[in-house]
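A quick write-up on the structure given underneath.
The values are calculated or read from the model by the stated rules, or taken from the named source; none is laboratory data. Quantities reported herein were computed from a predicted structural model and do not represent experimental measurements. Positions of Cβ are generated from backbone atoms using ideal geometry, with glycine treated the same way; all protein chains shown enter the neighbour counts.
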Amino acid sequence: MVAELPAAILRSALEIGEDYAGRRKTLGLTAEHVADRADITRETLRKLEHGAPSVSFHVVLRVARALGLLETVTEALDPLNTDLGRARAGLINRQRAR
């Protein structure tokens with residue numbers, strides 16, 4: 001049995017989906033075009049854009065790449081981009097490649 005997701009997770013999934021849809025529309029891309037570029041179905045893209053938390057992680061990354069956001073997502077999560085992360089870099093198995 002799968003536990004019910006916390007409200008914060010559901011809200012974030014919805015916001016992220018809306019942000020992906022907004023980015024797609026801002027770029028003037030159709031859902032069909034983005035789905036094709038991401039190698040997913042339009043239905044899967046629709047689920048992502050409507051905040052379905054069951055969408056696979058690889059789909060989130062594929063769509064990020066199709067929308068030109070993959071590097072932004074990667075950078076946003078990089079612990080070495082924070083003062084704390086840089087201070088504790090020895091705990092991380094990698095160093096900044098720049």
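Restricting attention to region 32-56, the residues that are modelled with pLDDT of 95 or more and either closer than 17 Å to residue 15 by Cβ or in contact with a Pro (Cβ under 6 Å, 6 or more places away or on another chain) (or both) total 9. All of (1) in contact with a Ser or Thr (Cβ under 8 Å, 6 or more places away or on another chain); (2) aliphatic (A, V, I, L, M); (3) assigned to a loop (DSSP other than H, G, I, E, B) hold for residue 59 with one exception: (3).
Confirm whether residue 31 is of a type in the set (Gly, Ala, Ser), out of contact with any Asp or Glu (no Cβ under 8 Å at 6 or more places or on another chain) and without any contact (Cβ under 8 Å) to a residue 60 or more places away in the chain. Spelling it out, it is not the case that residue 31 is of a type in the set (Gly, Ala, Ser), out of contact with any Asp or Glu (no Cβ under 8 Å at 6 or more places or on another chain) and without any contact (Cβ under 8 Å) to a residue 60 or more places away in the chain.
Within region 5-20, residues that are farther than 17 Å from residue 43 by Cα have Cβ atoms under 7 Å from residues that are hydrophobic (A, V, I, L, M, F, W, C) and surrounded by fewer than 12 Cβ atoms within 10 Å (Cβ to Cβ) in no pair, counting only partners at least 6 apart in sequence or on another chain. Within region 81-98, can one find any residue that is farther than 16 Å from residue 13 by Cα, among the charged types (D, E, K, R) and part of a helix (DSSP H, G or I)? The answer is yes; a qualifying residue exists. Of the set (1) touching a residue at least 40 places away in the same chain (Cβ under 8 Å); (2) in contact with a Phe, Trp or Tyr (Cβ under 6 Å, 6 or more places away or on another chain), all apply to residue 69 but (2). Considering only residues that are among the basic types (Lys, Arg) and more than 12 Å from residue 17 (Cα to Cα), look in region 34-75 and name the one that is surrounded by the most Cβ atoms within 10 Å (Cβ to Cβ). So the residue we want is 62.
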